[in-house]
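Colleague: Take this structure first; my questions come after.
Just so it is clear, none of the values below were taken in a lab; they were calculated from the coordinates. This one's a predicted model, so the numbers in the text were calculated from it and none came from an experiment. Heads up, the Cβs are rebuilt from the backbone with ideal geometry, glycines too, and the neighbour counts pull from every protein chain shown.
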Amino acid sequence: MRDLVEKAALGKANMLSNDKPAYLMNTMLGGIYIGFGMLLLVTLGGYMSAEPSLKLAQGVTFGVALTMVLLAGADLFTGNHFVMTIGAFSKKTTWSQAIASWVGSYAGNLVGAILLAGVFYASGLAVGDLGAYIDKVVHGKTAPDTLELFMRGILCNVLVCIAVWGNYKLKTEMGRIAVIFCCITPFITMSFEHSIANMTAFSVAYFNGVITLGEIVHNLVPVTLGNIVGGVFVAIAYWVTILKNDK
């Protein structure tokens, strides 16, 4: 199992060093795939805003986003925390490569998220009940204070990185899909915060003129830092308990 994670970490580091256009495209796809999950979430909200089961329905369906990332293949900032931390611990990659990967992945995910949001906005779909629900969602994300957002970011990426770990540990695609949905359903249902998913929602809301850059920064900075802490924590936990001695 450890060799699979190490190989992935080395592949990410080498792509960033040797083929930056390919790395940018791979990270843009990560932002787009997660963005599709967010657009599905808000679309369900627009249709089902009065339904008591809405949060559960959103949680169950958002798993399609991480499924696309892990099975179709794309580079996701939040999942990188697990992979690159293990790579650094095993000395297959360096900490400087890990940090460079996180920065590059975050930037590429942001470009992909904004691109998807721009196309969605131009489609004319972000209006009416859906537009009103997007407004509600983004202001719900900017209302908590900085510490609360940081903690929600930690909780979110603990679950995301468990799903990423399951992708390496499990042998069948059905098993991988099952663990993705088992991890993603609670993080959406319990309103944890995912920095990359938020980028798409905030971008659509910004194009709609219902949110400011200051409000976006208020959410994304603590959520991003929380995502890093949560992902590194999962990597440390599995390094100490399993991967350190799995040679």
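Colleague: Go through region 58-71 and report how many residues are surrounded by fewer than 18 Cβ atoms within 10 Å (Cβ to Cβ) and farther than 21 Å from VAL204 by Cα.
Modeller: 2
Colleague: Tell me, please, whether a residue that is surrounded by fewer than 24 Cβ atoms within 10 Å (Cβ to Cβ) and more than 15 Å from the chain's Cα centre (by Cα) can be found in region 78-89.
Modeller: yes
Colleague: Can I ask one more? Could you list all residues from region 175-224 that are surrounded by fewer than 23 Cβ atoms within 10 Å (Cβ to Cβ), among the small types (Gly, Ala, Ser) and closer than 15 Å to LYS136 by Cα?
Modeller: Within region 175-224, SER191, GLY209 qualify.
Colleague: Regarding PHE187, is this residue in contact with a Leu (Cβ under 7 Å, 6 or more places away or on another chain), in contact (Cβ under 8 Å) with a residue 12 or more places away in the chain, part of a helix (DSSP H, G or I) and within 20 Å of LEU155 (Cα to Cα)?
Modeller: Yes, satisfied.
Colleague: Could you name every one of the helices (runs of 4 or more DSSP H) located completely within region 57-174 that has at least 3 residues being in contact with a Phe, Trp or Tyr (Cβ under 6 Å, 6 or more places away or on another chain)?
Modeller: In region 57-174, the matching helices (runs of 4 or more DSSP H) lie at 77-89, 95-122, 146-169.
Colleague: Scan region 28-44 for residues that are more than 14 Å from ALA65 (Cα to Cα) and surrounded by 24 or more Cβ atoms within 10 Å (Cβ to Cβ) and jot them down.
Modeller: Of everything in region 28-44, nothing turns out to be more than 14 Å from ALA65 (Cα to Cα) and surrounded by 24 or more Cβ atoms within 10 Å (Cβ to Cβ).
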